[in-house]
Amino acid sequence: MSHNPHALDFSIISKTQMADMFLLMVDEIEEAAIFLINTEGIITTWNEAAAAMKGYSAAEAVGQFFGMLYPPDARERNEPRHNLKLATEQGYFREEVWRMRKDGSLFWARVALTALKDDAGTLVGFAKLTLDMTANKLLEDCVAEKEETRRIMEAASAGTWTWNPVAGTVKVSPHLAKLLGYGDAILHLSRDEWLGLIHPDEAPTLAEKLAPGGSDAKPTPVLAEIRMRARQGDYRWVYMRAQWRRGDGEGHPLLHGVGVAVQELKNAQHERELLFARLKSEEERAQITLRSITDGVITTDALGVITRLNPAAERLTGWTAKEALGHVAKDVFHVRVPETAELFPLCPIELCLRDNRVVAAPRNTVLFSRSGANHSVNYSCAPLHIADQQQAQGTVLIIHDVTEAKSLLDDLSYQASHDALTGLLNRREFGLRLQRTLDRVRHEPHSGAALLYMDLDQFKIVNDTCGHSAGDDLLQQLATEYRIHVRERDTLARIGGDEFALIVEHCSIDEAHIVATKVLAATREFRYTCAGKSFQVGVSIGLIPIHGETATVEEALRLADHACYIAKEAGRNRIFVQKTGDIDVERRRSDMHWASKLSEAFDNGQLQLFCQPIRRVGKGQTGLHYEILLRIREDDSSTIKPAMFLPAAERYDLMPHVDRWVLSRTVEWLEGHADHVNELELCSVNISQRALADDAFCDFAVDLIGSMTVPCHKLCFEITETGAFANLHKTLVFIDKLKKLGCRFALDDFGTGMASFAYLKQIPVDFVKIDGSFISMMTKSRVDFEMVRFTNEISHVMGRQTIAEYVADSATLRELENIGVDFAQGFLLGEPRPLGMAFG
């Protein structure tokens with residue numbers, strides 16, 4: 001159906017008319033022309049059946065006076081206006097009459113014109129339904145000449161038949177036989193054969209009609225709808241009309257009949273019945289739904305006067321439907337956004353009517369109930385229109401109560417951003433606030449800021465002496481003290497077990513130092529009493545300026561943590577201000593920090609094995625293949641990557657200890673997971689340069705590998721190019737001993753050394769890992785691409801398989817497949833995961 005762009009307002013129409021209108025406006029009834037007319041007789045809607053029946057498109061009909069559909073003589077008699085008047089007075093007007101199509105042809109129409117009125121009885125328009133009854137009309141006029149009758153019957157999907165009771169035969173017209181799909185097969189039938197075509201339920205009734213009756217009796221005409229069996233075996237509805245007439249030469253009566261195929265009309269009638277039942281059910285369901293839904297619903301008229309409240313709206317506003325009826329909406333519906341100064345802004349219903357648009361609630365809207373309760377709500381107010389009228393005839397306001405959801409969301413948001421013990425911000429939220437500070441300083445270079453990293457001293461004594469509950473109590477009390485000495489605009493957080501951090505906004509480094517001094521003094525003066533004992537704790541504070549050159553949150557925290565560590569090294573319970581200085585000094589300080597951190601990780605069991613998958617390129621994986629990696633696990637479950645602490649471990653000669661731990665823990669884990677080992681193709685373990693040159697480590701590795709139950713060929717040692725060539729003799733000895741046991745070797749970071757290819761011939765490795773610096777740039781740099789390609793070809797010539805590191809995108813992976821690299825490793829194929837979590 002072609003519709004006006006504005007929806008019809010059903011709220012002002014009675015329930016019975018609403019159901020009728022719904023029925024009329026359904027486009028599924030293809031044989032009925034259905035359209036709406038306003039009070040002046042102007043067509044406002046036009047369905048597809050109307051276009052097909054009358055020949056006018058929707059564009060031609062909508063907006064025209066409906067009298068265009070009447071013949072000229074009817075228009076001269078003012079029948080269109082007269083019929084509207086009758087429908088207005090009686091509620092409806094029905095007639096059967098000839099109507100004219102656009103092309104001038106006529107059809108016999110059954111017309112129903114219904115007046116549409118609102119609850120006050122005011123006329124709002126008309127609904128008109130037209131059925132094409134030409135076939136029926138033609139049947140009633142079948143006394144025309146035989147040839148003309150035949151032509152009409154064919155046009156109306158009809159055929160004739162004649163029953164001769166004396167001869168006992170039925171003569172069937174070719175067209176009726178054709179309608180049933182028989183062709184010439186049933187043109188002449190016996191009585192029983194003819195009745196055999198009738199459905200068993202209707203055959204007895206028709207059989208009674210096939211006798212002319214007694215001499216004094218008047219033969220009864222046949223008028224019936226029966227089902228006749230088609231050639232395909234299915235039964236089809238046929239309208240039968242027959243009359244006894246004198247027909248043969250001797251004056252014996254013959255029963256002349258007409259059969260009209262009405263199957264489609266029957267189907268349409270059934271569809272209408274189902275549709276009406278469905279619409280009635282939908283209306284009842286809509287009323288039940290309106291009463292039962294938890295969202296509030298308020299409807300108004302065009303002046304904003306309330307016409308309906310459902311029970312949910314009654315609960316939210318504190319008004320009953322009876323009390324609210326007749327009040328303007330702003331008397332009943334009071335909302336405010338807490339962030340605004342205006343207590344009761346323009347009512348959304350008034351705004352909807354004024355602007356003729358949908359009005360939605362702003363964020364954090366509060367509804368003030370008449371009972372004094374407040375509700376957090378979302379709402380949407382939409383205008384209602386009738387037919388082609390542009391101005392809204394009313395509104396519907398939907399109110400969704402989100403009070404409970406908002407409260408839960410606020411609680412979750414608080415828990416996600418605050419430390420459960422102290423109520424201060426947690427590390428995650430502190431990182432977000434620090435990022436905002438970094439962004440602000442970049443855009444406002446003259447607006448300074450500083451970061452304080454605070455680590456308590458002697459806190460462990462309280463935990464060891466009085467227990468962890470006492471330690472928690474101390475942290476809570478100390479957090480309260482810190483709040484007193486911190487400015488309201490600054491950000492204080494607990495970011496670790498006994499570690500705090502503070503962002504000091506809009507200040508110089510000297511002003512930040514004053515704040516740090518207050519925190520230090522408050523800590524020194526603080527005393528904690530437990531079990532009759534008094535404890536004094538200190539705090540080491542690292543202070544760094546935040547400026548435009550501070551790249552990331554991680555960098556800022558790392559620098560502040562380092563400054564805090566230097567404060568501890570300097571004697572604890574003091575402030576160290578980190579300033580830009582000599583690079584070597586900075587590096588040594590960093591090394592000290594990470595060397596200490598690594599030692600603590602050994603002592604506290606914070607080292608953790610990770611693994612990263614290595615995948616075959618362009619081929620199916622035959623088994624599990626991965627590289628073992630090392631992490632330090634923090635107290636808050638975050639991890640520190642090896643790039644942070646391994647350089648310090650190498651400079652402080654801690655790597656043999658690290659390598660022993662990694663190798664022994666890897667073998668131990670594999671020994672405990674036999675099913676995993678069955679699926680394992682290769683597990684790679686990194687060996688440092690220092691361990692390669694350490695005879696004691698070599699003996700340790702040989703003993704460990706030789707005694708394990710894991711097949712040795714499933715273990716691979718990765719050695720760096722620079723580490724392998726630093727002491728080539730000892731490297732070869734190490735490789736020889738482990739290869740005799742069945743272990744395999746990979747040359748890591750290949751391509752970064754000075755004479756890679758020359759040494760490659762001397763080292764009997766199984767795999768060559770092409771350095772990631774070449775891989776990451778190979779799709780952008782021709783030189784890097786050729787380095788990868790050449791390394792792959794040379795390695796294959798020497799009998800080594802190749803592994804590409806740092807594969808981060810699909811384009812790089814495709815290039816690697818094209819040049820024939822054997823394996824790939826990188827974030828595209830899998831990020832590092834804890835060993836236990838990766839495989840169970």
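The values are calculated or read from the model by the stated rules, or taken from the named source; none is laboratory data. Source: prediction; values computed, not measured. So basically every Cβ, Gly included, is an ideal-geometry build from the backbone, and we count neighbours across all protein chains shown. Heavy atoms of the whole protein, side chains included, go into the accessibility calculation; ligands, DNA and RNA do not. Shrake-Rupley method; radii C 1.70, N 1.55, O 1.52, S 1.80 Å.
Overview of results
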quantity: Principal-axis tilt of helix 728-740 within the chain, Cα atoms, nearest 10 degrees; calculated: 60
quantity: Point-to-point label distance, residue 827-residue 727, nm (Cα→Cβ direction, 7 Å offset); calculated: 3.7
quantity: Accessible area, probe 1.4 Å, largest first, for residues 436, 442, 227; calculated: 436, 442, 227
quantity: Solvent-accessible area per residue for the range 689-840 (1.4 angstrom probe, square angstrom); calculated: 45
quantity: Length-normalised contact order of the chain in % [C-alpha pairs under 8 Å, at least 6 apart]; calculated: 6
quantity: Residue 636 versus residue 651: modelled label distance in nm, points set 7 Å from Cα along the beta carbon direction; calculated: 2.7
quantity: Mean separation of Cα contacts under 8 Å, 6 or more apart, over the residue count of the range 662-803: relative contact order %; calculated: 19
quantity: Amide H partners (placed H, <5 Å) of residue 365, local residues excluded; calculated: 377
quantity: Vicinal HN-Hα couplings computed from phi for the range 348-356 (Karplus, 6.51 cos²θ - 1.76 cosθ + 1.60; Hz; Gly/Pro x); calculated: x, 5, 5, 5, 5, 5, 5, 9, 6
quantity: Long-range HN-HN contacts of residue 35 with modeled amide H, under 5 Å; calculated: 128
quantity: Two-site FRET efficiency, residue 103 against residue 185, from Cβ-Cβ distance with R₀ of 35 Å, rounded to 0.05; calculated: 0.35
quantity: Average accessible surface area per residue within the range 449-551, 1.4 Å rolling probe, Å²; calculated: 43
quantity: Counting DSSP beta bridges with both ends in the chain, the antiparallel % (nearest 5); calculated: 80
quantity: Under Karplus coefficients 6.51, -1.76 and 1.60, residue-wise ³J(HN,Hα) of the range 314-330 in Hz, glycine/proline x; calculated: 4, 5, 6, 8, x, 9, 7, 4, 5, 5, 6, 4, x, 7, 6, 4, 5
quantity: Förster radius 51 Å - calculated FRET efficiency between residue 223 and residue 398 (Cβ-Cβ, nearest 0.05); calculated: 0.40
quantity: Gained length - residue 677 relative to residue 465, 0.36 nm times residue gap less alpha-carbon distance; calculated: 71.7 nm
quantity: Helix 583-604 axis, angle to the chain major axis (alpha carbon atoms, nearest 10°); calculated: 80
quantity: Carbon/sulfur fraction of accessible area - the chain, other protein chains in place, 1.4 Å, %; calculated: 52
quantity: Gyration tensor (alpha-carbon) shape descriptor, the range 607-680, a/c threshold 1.5; calculated: prolate
quantity: Relative counts (whole %) of C-alpha pair distances in the range 464-566, using bins that are 5 Å wide; calculated: 2, 11, 21, 24, 18, 12, 7, 4, 2, 0, 0
quantity: Cβ crowding within 10 Å averaged over residues, with 611-617, 812-818, 72-78 ranked highest first; calculated: 611-617, 812-818, 72-78
quantity: Peptides ranked, highest mean first, by Cβ atoms within 10 Å: ranges 398-409, 681-692; calculated: 681-692, 398-409
quantity: Prolate/oblate/rounded call for the range 379-536, Cα gyration tensor, a/c under 1.5 rounded; calculated: oblate
quantity: The range 777-840: relative contact order in percent, alpha carbon pairs under 8 Å with at least 6 residues between; calculated: 29
quantity: Helix axis angle, 15-25 relative to the chain longest principal axis, alpha carbon, degrees; calculated: 90
quantity: Potential lengthening between residue 302 and residue 489 on full extension [0.36 nm per residue; Cα-Cα distance subtracted]; calculated: 62.3 nm
quantity: Heavy-atom accessible area ranking, 1.4 Å probe, most first, across 429, 48; calculated: 48, 429
quantity: Computed lengthening from residue 420 to residue 169, 0.36 nm per intervening residue step minus Cα-Cα distance; calculated: 80.3 nm
quantity: Vicinal HN-Hα couplings computed from phi for the range 72-89 (Karplus, 6.51 cos²θ - 1.76 cosθ + 1.60; Hz; Gly/Pro x); calculated: x, 5, 5, 5, 5, 7, 6, 4, x, 5, 4, 5, 4, 5, 5, 5, 5, 6
quantity: Inter-site label distance for residue 413 and residue 252 at 7 Å from Cα along Cβ, in nm; calculated: 9.8
quantity: Whole-number D in µm² s⁻¹ for the chain, Kirkwood Cα-pair radius fed into Stokes-Einstein, 37 °C, 0.692 mPa s; calculated: 87
quantity: With DNA, RNA and ligands ignored, accessible area of residue 352 (1.4 Å probe; Å², nearest 10); calculated: 0
